[in-house]
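Okay, structure first, notes after.
Coordinate-derived values only; no laboratory data. Only a predicted model underlies this, so the values are computations on that prediction, with no experimental measurement involved. Reconstructed Cβ throughout: ideal geometry from the backbone, glycine too, with neighbour counts over all protein chains shown.
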Amino acid sequence: SFPILVAIDGPAGSGKSSVSRAVARRLGFAYLDTGAAYRALAWLVLDRNIDETALSDAAQADAVTALLKDFDYSIGTDPDEYFVTVGQADVTDAIRSPEVSAAVSAVARVPAVRQALTELFRSLAANVDRPGVVVEGRDITTIVAPEAEVRILLTASEEARMTRRSAEITTQSAETVAEQLRSRDRADSQVVDFMSAADGVITVDSTHLDFEQTIEAVIDVIHTRT
Ligand code: C5P
């Protein structure tokens, strides 16, 4: 039988990744971080010196589409053993760099990229060896798995998101982190709507919840739906 699908979308800094992973761990589910795949491809684009700012240019878009053919990417779906590799390179940490964060939206905007990665996510989610899988991203409730048993939009006020993210990133000033986050959300919003809940999607607002309370709120939703 197919694993129970829990789709979670939301903006950066909503706590999406850490909450999704913790929920998966508690329920014995697998965990799929789709943003990591977009980041891994952006890492490869930078590694190959493709100019991501010129992706609207046909030649550059073709170069990325060609890259997709040998995008030898692998991601851990065990919430306790998370890793991301591209070919022989372990890029688990490298994909979180400011350079990759700055380049990823331009790569994620290419239609052929979204199409290929969406296929990949569907196949990864269908083939986990657990009773369920938490799939987390921006377009999971709407595009990747609109048929998921559980669909959640995890939000938080902009202020709360900026505060959380700048507490995580200590190598840059709070203002720099906030500005980069805002500009990435702005760019991503042009491609997919992850700020408002689609029909049938349940909103969990974590603004006034701590980490543990957010995990519990998400698990409550899962229990009412499964
Ligand atoms: O979730 P995270 O912030 O790591 O995602 C990195 C980037 O990947 C996002 O800024 C967005 O450009 C892209 N993304 C996407 N669709 C998803 C997940 C991530 O376009 N489902």
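How large is the dipole of the chain about the Cα centre if only Lys and Arg carry +1 and Asp and Glu carry -1, each at its Cβ, rounded to the nearest 20 debye? Let's see the in-between values first.
Numbers: 21 positive and 35 negative charges, 38 e Å.
Here the chain has a charge dipole of around 180 debye.
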Share of alpha-carbon pairs per 5 Å distance bin for the chain, given as whole %: 1, 7, 15, 19, 21, 18, 12, 6, 2, 0
Built amide H within the under 5 Å cut-off of Thr155, gap 5+: Val204, Asp205, Ser206
Listed residue (Phe71, Ala30, Trp43) projecting farthest to the positive dipole end of segment 17-154, Cβ model: Ala30
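At most 10 other Cβ atoms within 10 Å and a DSSP loop assignment: could you name the GluC sites (Glu not before Pro) in segment 127-157 that fit?
Numbers: sites: Glu136, Glu147, Glu149; in loops: Glu147, Glu149.
Filter output for segment 127-157: Glu147.
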Selected from Gly28, Gly15, Gly200 as most flexible by GNM, with the chain as the system and alpha-carbon contacts under 10 Å: Gly200
Table column - 3J(HN,Hα) (Hz), segment 7-18, Karplus curve with 6.51, -1.76, 1.60, x for Gly and Pro: 9, 10, 10, x, x, 4, x, 7, x, 3, 5, 5
Sorted by Cβ neighbour density within 10 Å, fewest at the top, the residues Phe29, Phe2, Phe71, Phe121: Phe2, Phe71, Phe121, Phe29
Interchain or long-range residues, amide H under 5 Å from Leu32's placed H: Val134, Val135, Glu136
